[in-house]
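Just so it is clear, none of the values below were taken in a lab; they were calculated from the coordinates. None of the values given here were measured: they were computed from a predicted structure. Please note: Cβ atoms are built from the backbone with ideal geometry, for glycine as well, and neighbour counts cover all protein chains shown.
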C-alpha cells in the first residue's frame, strides 16, 4: 500500500499532541493509571482573541485513576491542569469524581463523554480519560495475568482472574 497522504507532507508540524498512560501496580487487584495529555503549539500564532502567542505548551493535563476489582472499576480519580489556555479550565477538575464507581466495560467511552463532555465539561480531559480506559485494562492484564492459567476460560468473552478456593 502506498503512503499517498504521508508523501504530501512537505513542511514542519505546527501542533503536536502527546498522550502518555502509565500503569502502576498496588497489589490487592488495584492499580494506579496515570495519564498525561500535552498539547504544544510549535509555531507563532494567535489566540482566539487575536492576541499574538509564542510557540509553547497549550495544555498539560494529568489524570490519575485508582482502578481494581472485576470488572475493572474506577475506585477513585483526581486531575491536575498544569498548563491551560483559559482561566476557567480548572473549574471542571472536581468533575472527575463523577466517574468513581464506573466499570471499564462496553459503553465506557460513551459514559465518560456523557459525564465529563459537553459545554460544561472539558474535551481534553474527556479524551484523556477515554484513552485511559483501554490502557487500564492492558495494565490490569499485564500485571495480574502474567502467565496462562489452566483454570482460565475464554469463550468469546474475557473473564476476570480465576480465584481458587
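Odds and ends about this structure:
- At full extension, residue 84 and residue 69 could sit 2.0 nm farther apart than now, given 0.36 nm per residue minus the alpha carbon distance.
- Rounded tilt (10° steps) of 123-144 against the dominant C-alpha axis of the chain: 30
- In terms of other Cβ atoms within 10 Å, 111, 44, 97 run from fewest to most in the order 44, 97, 111.
- Taking the chain and dividing mean pair separation by its residue count, relative contact order in percent (alpha carbons under 8 Å, at least six apart): 17
- Once both labels are positioned 7 Å from their Cα atoms along Cα-to-Cβ, the gap between residue 119 and residue 94 label points is 2.2 nm.
- What the Cβ-Cβ distance of residue 54 and residue 24 gives, at R0 = 30 Å and to the nearest 0.05, is a FRET efficiency of 0.30.
- Here the Gaussian network model covers the chain, with springs between Cα atoms less than 10 Å apart; of 40, 20, 50, 50 fluctuates the most.
- Over the chain: helical MRE at 222 nm, DSSP H runs n ≥ 4 each giving -39500 (n - 2.57), nearest 500: -7000 deg cm²/dmol
- In the set [x] 1.10; [y] 1.07; [z] 1.01, the label that goes with Rg/Rh (Cα atoms, Kirkwood Rh) computed for this structure is [y].
- The stretch 1-46-the stretch 64-115 distance, computed between alpha-carbon centres (Å): 19
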